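S.K.: Structure below; questions to follow.
The values are calculated or read from the model by the stated rules, or taken from the named source; none is laboratory data. These figures come from a predicted structure and were not determined experimentally. Quick reminder, even Gly has a Cβ in these numbers, built from the backbone with ideal geometry, and neighbours come from all protein chains shown. Heads up: the accessible areas ignore ligands, DNA and RNA and are worked out on the full protein's heavy atoms, side chains in. Shrake-Rupley method; radii C 1.70, N 1.55, O 1.52, S 1.80 Å.
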Amino acid sequence: AQTEVAGSNIIEVENLCMYFGGIKAVDGLSFEVRRGEIFGLIGPNGAGKTTVFNCITQFYRPTSGRVLYRSTPEAEAVDLSTVKIHDVSTLGIVRTFQNVEVVPELSVLDNLRIAAYRSYTSSILTQMLHLPKLRREEDKVTAKAMEVLEFLGLTLYKDFYAHGLPYGILKKVEIARTLMSDPKLIILDEPAAGLNDTETEELIGIIGQIQEKYGCTILLVEHDMGLVMKVCNRILAISFGKHLALGTPEEIQASPEVQRAYLGEEED
């Protein structure tokens, strides 16, 4: 096994296994994600896609194998299994969830502000006394939040409570929250779930714009094959937690293994 991630790779997954009792959700899976690419993970229902994400972000501790991460080409590789779950975001890894995770009782702007909480350096005393340093930090975070809201076309909603907003808007708010922590790697779990065709087309543009503007690597799981094929540079197809095929969208579409996994084999 390699001891470090090659500089051009931000993530290397090595022989990853995640077992739940007798169920092998992920079974000896290996792949790498190149820095700056949009990388898709696809497979039939129950293939183990979200489990892979949960192992990367340490929601699950893998049964065996490891995930190596390098935030910049020059940085030392980090074995993510040595990182506590609440510290993963400090490495520049952020994620969204299949179900929208926003705070409904807060405004859209405040949802973004709290997503940047780790950027505050003010001491508890400074915060209690509301000293000028805290005000400067708050102003900086607010300015950043307004920039992100404008980028995603959400400025109109900044003072609206998240509760009651249309689902498509909430999806964009969740993506906006990921941009508040200077991410190196954004993990999107079913970003198009629940969106209509128009919203999905808009999402395709947003994902490409995020990669371009913020220089992020994006790793996504998605059932909408139209989105995956349009937005991803490379795609990994898995089935029953195992590697099925890896390649460009064109190569994946032409793969007999992928076609069999999705469509099944015809019986004589």
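S.K.: Within a Cβ distance under 14 Å of Thr200, other residues only, what is the Lys/Arg minus Asp/Glu net charge?
M.R.: -4
S.K.: So between Asp182 and Tyr161, what do we pick up on full extension, going 0.36 nm a residue minus the alpha carbon distance?
M.R.: Once the chain is fully extended between Asp182 and Tyr161, it gains 5.1 nm.
S.K.: Report the gain in length on full extension from Lys133 to Glu147: 0.36 nm times residue separation, minus Cα-Cα distance, nm rounded to one decimal.
M.R.: Between Lys133 and Glu147, full extension yields 2.9 nm more.
S.K.: Let me ask you something else. Mind jotting down the distance between the C-alpha centroids of region 182-216 and region 11-52, whole Å?
M.R.: Cα centroid to Cα centroid, the span is 20 Å.
S.K.: If I fit a long axis through the Cα atoms of helix 132-151 and take the longest principal axis of the Cα atoms of the chain, what angle between them do I get, 0 to 90°, rounded to 10?
M.R.: Roughly 50 degrees, rounded to the nearest 10.
S.K.: Starting from the Cα-Cα distance between Gln98 and Lys213, subtract it from 0.36 nm times their residue separation and give me the gain in nm to one decimal.
M.R.: Extra length available between Gln98 and Lys213 comes to 39.0 nm.
S.K.: Let me ask something else. Give me the accessible area per residue for the chain, probe 1.4 Å, as a whole number in Å².
M.R.: I get 50 Å² per residue for this part.
S.K.: Could I ask something else about it? Among Lys144/Lys172; Lys84/Lys133; Lys171/Lys242, which pairs are too far apart, with a Cα-Cα distance over 26 Å?
M.R.: Lys84/Lys133; Lys171/Lys242
S.K.: Using every pair of alpha-carbon atoms in region 140-268, split the distances into 10 Å bins beginning at 0 and state the percent of pairs per bin, rounded to integers.
M.R.: Per 10 Å bin, starting at zero, the Cα-Cα P(r) for region 140-268 comes out as 11, 37, 30, 14, 6, 1, 0 percent.
S.K.: Do any chymotrypsin sites (Phe, Trp or Tyr not before Pro) in region 3-96 lie in a DSSP loop with no more than 15 other beta carbon atoms within 10 Å, and if so, which?
M.R.: Passing both the DSSP loop test and the Cβ count: Phe59.
S.K.: While we're on this one: Which shape class applies to region 6-45: rounded if a/c is under 1.5, otherwise prolate when a/b exceeds b/c and oblate if not, where a ≥ b ≥ c are the square roots of the Cα gyration tensor eigenvalues?
M.R.: oblate
S.K.: Let me ask something else. Most fluctuating residue of Ser64, Ser89, Ser181 in a GNM of the chain with Cα springs under 10 Å: which is it?
M.R.: Greatest mean-square fluctuation among the candidates belongs to Ser64.
S.K.: How long are the semi-axes of the ellipsoid equivalent to region 129-215, from square roots of 5 times the Cα gyration tensor eigenvalues, in whole Å, largest first?
M.R.: Working from the Cα gyration tensor, I get semi-axes of 26, 16, 11 Å.
S.K.: Compute the projected area of the convex hull of the Cα atoms of the chain, averaged over all viewing directions, and report it in nm² to one decimal place.
M.R.: It is 16.9 nm².
S.K.: How large, in percent, is the carbon and sulfur part of the accessible surface of region 43-89 at a probe radius of 1.4 Å?
M.R.: 51
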